[in-house]
1. Can you sort Arg118, Arg239, Arg368 by solvent-accessible area, 1.4 Å probe, largest first?
2. What pairs in Lys286/Lys332; Lys54/Lys139; Lys244/Lys287 have C-alpha atoms more than 22 Å from each other?
3. Before anything else, pin down the relative contact order of segment 96-245: Cα pairs under 8 Å, at least 6 apart, normalised by residue count, whole percent.
4. Got a number for the accessible area of Glu215? Probe 1.4 Å, square angstrom, nearest 10.
5. Compute the separation of the alpha-carbon centres of segment 267-336 and segment 102-161 and state it in Å as a whole number.
6. Compute the relative contact order of segment 83-178 as a whole-number percentage, counting only Cα pairs closer than 8 Å that sit 6 or more residues apart in sequence.
7. Using 0.36 nm per residue, how much length does the chain from Lys287 to Asn323 gain when fully extended, once their Cα-Cα distance is taken away?
8. Relative to the present Cα-Cα distance, how much length would full extension add between Phe202 and Ile58 at 0.36 nm per residue of separation?
Amino acid sequence: MRSKDKISYFYDGDVGNVYFGPNHPMKPHRLCMTHHLILAYGLHSKMEVYRPHKAYPIEMAQFHSPDYVEFLQRINPENTDLFPNEMARYNLGEDCPVFEDMFEFCQIYAGATIDAARRLNNKLCDIAINWAGGLHHAKKCDASGFCYINDLVLGILELLKHHPRVLYIDIDVHHGDGVEEAFYFTDRVMTVSFHKFGDKFFPGTGDVKEIGEREGKFYAINVPLRDGIDDSSFNRLFRAIISKVVEIYQPGAIVLQCGADSLARDRLGCFNLSIDGHAECVKFVKKFNIPLLVTGGGGYTKENVARCWTVETGILLDTELPNEIPDNDYIKYFGPDYSLKIPGGHIENLNTKSYISTIKAQILDNLRYIQHAPSVQMQEVPPDFYIPDFDEDQQNPDVRVDQRSRDKQIQRDDEYFDGDKDNDAS
């Protein structure tokens with residue numbers, strides 16, 4: 001048991017300022033709300049807080065096709081009419097609109113997940129958090145489900161430089177299809193997704209029968225659930241499957257996608273999970289004491305997203321939070337009761353005991369085919385993507401340095417302050 005987990009937390013205020021457009025359910029503003037709630041509870045003082053680097057196109061192209069990345073860089077709301085064929089080819093449009101500063105938004109959330117993985121690799125922390133990440137639907141050559149760049153795949157690729165095996169766990173209400181597809185043919189990554197399946201629910205994949213292929217056969221695990229699953233059913237199933245997976249697979253690192261659309265009363269969700277039920281998964285995974293990268297994901301009732309990820313930050317810090325929400329810049333969103341926890345929902349639970357038993361039995365049976373962790377012949381560890389270091393000796397003191405360059409020169413412990421000294425106070 002480690003005495004005290006060292007936690008790195010990544011945040012850039014610009015990530016919450018973009019706007020997907022009117023009537024679009026994705027509201028990046030939820031990230032500002034989450035961050036300010038974390039500040040209001042004083043959790044930032046217990047973590048190392050960093051502003052991430054903006055991912056370079058060449059870093060994104062570690063997974064995505066270079067032509068797709070290049071197009072994302074080039075397109076903007078003013079010139080979409082000039083590229084109808086490319087817009088269709090890359091699935092940009094309704095679900096994945098082109099909006100102002102879209103590419104910078106992708107650079108920030110992807111850069112944060114890559115930075116998080118690198119700090120874990122270099123043993124500079126035990127747990128790394130990026131609530132802006134977790135965009136699990138993006139594919140190699142196209143956008144999907146509000147996701148443009150798949151930061152999770154990029155983070156896992158980074159972790160694979162140092163770890164023979166990485167476990168990916170996804171508790172978003174939607175199937176983690178983009179991550180599963182990226183690693184469907186390898187045993188170096190095991191993907192485990194708990195999600196709603198059936199009734200043409202997006203993205204339509206994630207049946208229990210989808211188990212991986214070739215070297216990856218049995219290394220993709222899907223837990224297809226029906227409407228209305230509650231805390232007790234979800235947590236029992238989660239504990240049973242994840243404990244067996246960790247025992248057999250023995251991952252060197254875990255990536256946990258904490259999509260908050262699996263909460264009760266989510267605008268796009270259909271589960272009955274309370275915040276405590278959702279957070280129980282985080283608590284359970286933390287107990288394994290395996291290097292852990294935690295991201296956000298979906299979540300479309302934004303005040304509940306902020307509540308959920310704040311509670312889960314507290315859990316990762318072993319800090320119990322008072323239920324009364326302290327004053328903060330977004331306090332009005334948390335009325336009328338201003339309480340941190342939300343209860344479970346009342347949708348009829350269509351997950352019968354026999355259905356859950358059958359799913360669990362199928363999954364545990366498949367795990368028997370990989371009775372021991374696969375041995376991987378590790379090559380020499382490739383270097384982190386080359387980023388020019390800041391060299392103080394080369395710096396001309398007479399030349400004004402922009403804020404972002406100055407931020408890169410210092411450790412981010414001192415970035416945020418309480419009250420009116422908060423750098424991100426709006």
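1. Working: Arg118 25, Arg239 85, Arg368 145 Å².
Largest accessible area first, the list is Arg368, Arg239, Arg118.
2. Numbers: Lys286/Lys332 32 Å; Lys54/Lys139 20 Å; Lys244/Lys287 14 Å.
Cα-Cα > 22 Å for Lys286/Lys332; rest within.
3. On the way: 247 pairs, mean separation 24.5, N = 150.
Result for segment 96-245 is 16 percent.
4. For Glu215, the solvent-accessible surface is approximately 120 Å².
5. That distance is 20 Å.
6. Values: 111 pairs, mean separation 27.8, N = 96.
After rounding, I find 29 percent.
7. Numbers: separation 36, 0.36 × 36 = 12.96 nm, distance 2.36 nm.
Going from the current span to full extension adds 10.6 nm.
8. Values: separation 144, 0.36 × 144 = 51.84 nm, distance 3.01 nm.
Extra length from Phe202 to Ile58 when fully extended: 48.8 nm.
The values are calculated or read from the model by the stated rules, or taken from the named source; none is laboratory data. What you are looking at is a predicted structure, and each value in this text was computed from that prediction instead of being measured. We place every Cβ from the backbone using ideal geometry, glycine too, and count neighbours over all the protein chains shown. These accessible areas exclude ligands, DNA and RNA; they are computed on the full protein's heavy atoms, side chains included. Shrake-Rupley method; radii C 1.70, N 1.55, O 1.52, S 1.80 Å.
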